[in-house]
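Asks: Shown below is the structure under consideration.
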Amino acid sequence: MEAGDLEKPLVVIVGPTASGKTSAAIEIAEKHGGEIICADSRTVYRHMDIGTAKPTQEERARVPHWGLDLIEPGERFTAADFKQYANEKIAEIRDRGNLPLLVGGTGLYIDGVIFDYSFEPTYDQKQRDTLSKMTIAQLHKYCHKNNVNLPQNELNKRYIVREIERKSIRGKRRIHPIENTIIVGIATKKEDLLDRIKSRTEHLFESGVVDEATILGEKYGWESEAMTGNIYPLVHAYLESRLSSAELKDKFTMLDRRLAKRQLTWFHRNKFIEWRSLSGAIDYIDQYLATTHKA
């Protein structure tokens, strides 16, 4: 069998928020006939476009994107749901003769696919009841003591409890990634990443994130689970005059910096990731596809 007849590999691109994953993935997809599956626990929600920094309509017109707008805010969508969805899309993309790209910063979504996690319900009801009675501060202390990574929404008690429970689930997984997969991480200097995060913060506000959050808050309620993460609680505080405009931007920038740090901590545990600069990652993937598969 010649290289061109091989099944298209799964190209996985990971990295912290604002590292440039989307732009890199689009460039590769345009060169090699690819389709992008977004692995982001925030962009699965419909209507939450600006605040979650979804790929723009222009970007989606250039390359097919999957994994966006899957559920209404408030509906439940787990890592197990994403794994099933992503595997179906990978198969469909390959059936079309195209290149599947799994791209995102939600570590559990990525690892669930590439390490074939078994998401069987293994929680202990007694433990869940005990954890649910703890305060957020107590849960954070528990996670630190037991080497459990905090979820992206570290102020949501249910998310933290589920993360603790998932620690036992992660024992049921492959030691090596699934076959025919290349995994590349976008490495960014700390100061450059901070500049990108600050620029994106300004872009969100210029794009109308306050208006978007206002509409969503009125439609779904500010206490809806989807509204308790990311920038939306901060906008709520701003609308109630508890934060100034400058404070709102500063706090969101700080949240994104913390998110980037958690994402990097997660991904750096994966020894199979090839870390490259933004341009270096594109070159690395281009060379891999040129030597092993025809575009």
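The values are calculated or read from the model by the stated rules, or taken from the named source; none is laboratory data. Because the structure is a prediction, the values reported are computed rather than measured. Using ideal geometry, Cβ is built from the backbone for each residue, glycine included, and neighbour counts are taken over all protein chains shown.
Asks: Anything in the stretch 135-156 that is surrounded by fewer than 16 Cβ atoms within 10 Å (Cβ to Cβ), outside any helix (DSSP H, G or I) and free of Cβ contacts under 8 Å to residues at least 24 places away in the same chain? List them, or say none.
Replies: The answer is Thr135, Asn146, Asn147.
Asks: Scan the stretch 243-295 residue by residue and report those that are among the basic types (Lys, Arg), out of contact with any helix residue (DSSP H, G or I) (no Cβ under 7 Å at 6 or more places or on another chain) and buried (at least 17 other Cβ atoms within 10 Å of the Cβ).
Replies: If the condition is that a residue be among the basic types (Lys, Arg), out of contact with any helix residue (DSSP H, G or I) (no Cβ under 7 Å at 6 or more places or on another chain) and buried (at least 17 other Cβ atoms within 10 Å of the Cβ), then Arg262 is the only one that fits.
Asks: Where residues in the stretch 124-134 are more than 26 Å from the chain's Cα centre (by Cα) and exposed (fewer than 15 other Cβ atoms within 10 Å of the Cβ), which of them is modelled with the lowest pLDDT? Reasoning before the result, please.
Replies: From the stretch 124-134, those more than 26 Å from the chain's Cα centre (by Cα) are 124-127, 129-130, 133-134; that's our starting set.
Imposing the further condition that a residue be exposed (fewer than 15 other Cβ atoms within 10 Å of the Cβ) reduces the set to 124-127, 129-130, 133.
Details: Asp124: 74, Gln125: 80, Lys126: 82, Gln127: 83, Asp129: 86, Thr130: 89, Lys133: 91.
Out of the qualifying residues, it is Asp124.
Asks: Only one of these conditions is not met by Pro121: (1) modelled with pLDDT under 85; (2) within 19 Å of the chain's Cα centre (by Cα); (3) surrounded by fewer than 18 Cβ atoms within 10 Å (Cβ to Cβ). Which number is it?
Replies: With respect to (1) modelled with pLDDT under 85; (2) within 19 Å of the chain's Cα centre (by Cα); (3) surrounded by fewer than 18 Cβ atoms within 10 Å (Cβ to Cβ), Pro121 is out only on (2).
Asks: Looking only at the stretch 55-66, which residues are out of contact with any Asp or Glu (no Cβ under 7 Å at 6 or more places or on another chain) and farther than 26 Å from Lys189 by Cβ?
Replies: Result: Gln57, Glu58, Arg60, Ala61, His65.
Asks: Among the residues of the stretch 69-101, write down those that are of a type outside the set (Phe, Trp, Tyr) and crowded, with 19+ Cβ neighbours inside 10 Å.
Replies: Ala79, Lys83, Ala86, Ile90, Ile93, Leu99, Pro100, Leu101
Asks: Here is a follow-up. Of all residues in the stretch 260-295, which are basic (Lys, Arg) and part of a helix (DSSP H, G or I)?
Replies: Of everything in the stretch 260-295, those that are basic (Lys, Arg) and part of a helix (DSSP H, G or I) turn out to be Lys261, Arg262.
Asks: A follow-up question, please. I'm told Gly33 meets every condition in (1) touching an Asp or Glu at 6+ places or on another chain (Cβ under 7 Å); (2) of a type in the set (Gly, Ala, Ser); (3) on the phi > 0 side of the Ramachandran plot except one. Can you identify the failing condition by its number?
Replies: Among (1) touching an Asp or Glu at 6+ places or on another chain (Cβ under 7 Å); (2) of a type in the set (Gly, Ala, Ser); (3) on the phi > 0 side of the Ramachandran plot, Gly33 violates only (1).
Asks: Which of the residues that make up the stretch 79-121 are in contact with a Gly (Cβ under 8 Å, 6 or more places away or on another chain), farther than 30 Å from Lys261 by Cβ and in a loop (DSSP other than H, G, I, E, B)?
Replies: Gly97, Asn98
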